[in-house]
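Trainee: What follows is a single structure, and I will ask about it in a moment.
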């Protein structure tokens, strides 16, 4: 809890979203490609690398497709043809790891710029109809938090590390 | 079993409405993740070395909602649920495979949710700016609601993997 919470809806929601983006990044720190790609909580097919690729696709879809009214834009990682491509393509390869982080950071930067230059009631176009930017930000906080929950257990099962 | 929403949510297109809709969905997610499990399965530490269990998380979520809505926003003079003498781990450690413990946990969680809903029913959008000062820590109603939503969401992530490890069930 901090004085930041007294600055109104936009600042508070933006801070929380930034907090969870950083939390996810920290959950993945200090691991090699094999550890990042390990499906460490069987039978789940999730891995930390799969989550990084998934979250890049989530950011891309909400900001470049929904908020930019461009639903015809192809989904990331070829997910139109192969919906689980973000998780299935998360293999223990340094180049795949590097690509995932470059892609995720680029999508986060795009999102931050878009959000900073639009009001919270700016309307995007979702499959189900119009959606306000504030709904997208709350949704992303919820989605990042849930995936941080996955990352908590994946990381603990990789090397025992907990926290954050 | 998913509990019905017994009254319409606050208007769409508002911050309060958005936060409350997510809370309703996340509570229903927890119900689904726990649905159909025996006391033994509910209490299973199914993703070792983690000591989390579905039952421990239900107790923790009841404790968390009670803390924010009842103790903090309503300033009720009650002890904190499941945390006697600051024994934080008790909410998870004492989540044992016993029918009576299971029944108590779900009854407590549902009762806390009803009290939380009553608090939210009386909130107006302007209340989100309201600032309280418990324990000399400044905070806002907005911050409390967001915190409840993200606590639920993160624990739903734990529940996803705990449940899949118990019986393979996945899904929202």
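Trainee: For peptide A:136-146, compute the average count of partner chain beta-carbon atoms within 10 Å of each residue's beta-carbon. Show your work: numbers first, answer last.
Mentor: Working: counts 1, 2, 10, 3, 0, 6, 13, 2, 4, 11, 13.
If you average over the peptide's residues, the count of other-chain Cβ atoms is 6.
Trainee: Using alpha-carbon pairs under 8 Å, 6+ residues apart, how would you state the relative contact order of chain B in percent? Intermediate results must be reported in sequence, preceding the final value.
Mentor: Details: 185 pairs, mean separation 48.4, N = 172.
After rounding, I find 28 percent.
Trainee: With a cut-off of 8 Å between alpha carbons and a minimum separation of six or more residues, what is the relative contact order of region A:7-100 in percent? Show your work: numbers first, answer last.
Mentor: On the way: 73 pairs, mean separation 29.3, N = 94.
Relative contact order, region A:7-100: 31 percent.
Trainee: Using alpha-carbon positions, what is the distance between the centroids of region A:20-36 and region A:90-126, in Å?
Mentor: That distance is 16 Å.
Trainee: What is the angle, in °, between the Cα long axis of helix A:48-60 and the longest principal axis of the Cα atoms in chain A? Nearest 10 is fine, range 0 to 90.
Mentor: The angle comes out near 20 degrees.
Trainee: Helix B:15-34 versus the longest principal axis of chain B: what angle, 0 to 90°, nearest 10, using Cα atoms?
Mentor: Long axis of B:15-34 versus the principal axis of chain B: about 10 degrees.
Trainee: Same structure again: Cut-off 10 angstrom, C-alpha nodes, Gaussian network model of chain B. Which of B:49, B:79, B:125 fluctuates the most?
Mentor: Highest fluctuation among the options: B:49.
Trainee: Sequence gap at least 6, Cα distance under 8 Å: using those rules, report the relative contact order of chain A to the nearest whole percent. Let's see the in-between values first.
Mentor: On the way: 183 pairs, mean separation 53.2, N = 164.
After rounding, I find 32 percent.
Trainee: Provide the packing ranking of B:106-118, B:56-68, i.e. peptides ordered by the mean count of other C-beta atoms within 10 Å per residue, highest first. Walk me through the intermediate numbers first.
Mentor: Values: B:106-118: 15.8, B:56-68: 22.8.
Sorting B:106-118, B:56-68 by mean packing, highest first, produces B:56-68, B:106-118.
Trainee: Moving on to the next point. Can you give the calculated 222 nm mean residue ellipticity of chain B, where each DSSP H run of n ≥ 4 adds -39,500 (n - 2.57) and the sum is split over every residue, rounded to the nearest 500 deg cm²/dmol? Please list the in-between numbers first.
Mentor: Working: 6 runs with 91 residues, N = 172.
For chain B, the value works out to -17500 deg cm²/dmol.
Trainee: When Cβ neighbours within 10 Å are restricted to other protein chains, what is their mean count per residue of peptide B:43-51? Working shown, then result.
Mentor: Values: counts 0, 0, 0, 2, 9, 2, 5, 7, 1.
Counting other chains' Cβ atoms within 10 Å and averaging over B:43-51 gives 3.
Trainee: Can you give the mean number of other chain Cβ atoms that lie within 10 Å of the Cβ atoms in peptide A:33-43? Can you show the working numbers first?
Mentor: Details: counts 0, 0, 0, 0, 0, 0, 0, 2, 8, 4, 5.
Going residue by residue through A:33-43 and averaging, the value is 2.
Trainee: Then there's this: Once the Cα gyration tensor of the protein assembly as shown is diagonalised, what are the square roots of 5 times its eigenvalues, in whole Å and ordered largest first, as equivalent ellipsoid semi-axes?
Mentor: On the way: eigenvalues 188, 147, 65 Å².
Semi-axes (√(5λ), whole Å): 31, 27, 18.
Trainee: In degrees, nearest 10, range 0 to 90: what is the angle between the Cα axis of helix B:54-65 and the longest Cα principal axis of chain B?
Mentor: 10 degrees
Every number in this text was worked out from the coordinates using simple rules, so none of it is lab data. All figures in this text were calculated on a predicted structure; none of them were measured in a lab. FYI the Cβ positions are ideal-geometry reconstructions off the backbone, even for glycines, and counts take in every protein chain you see.
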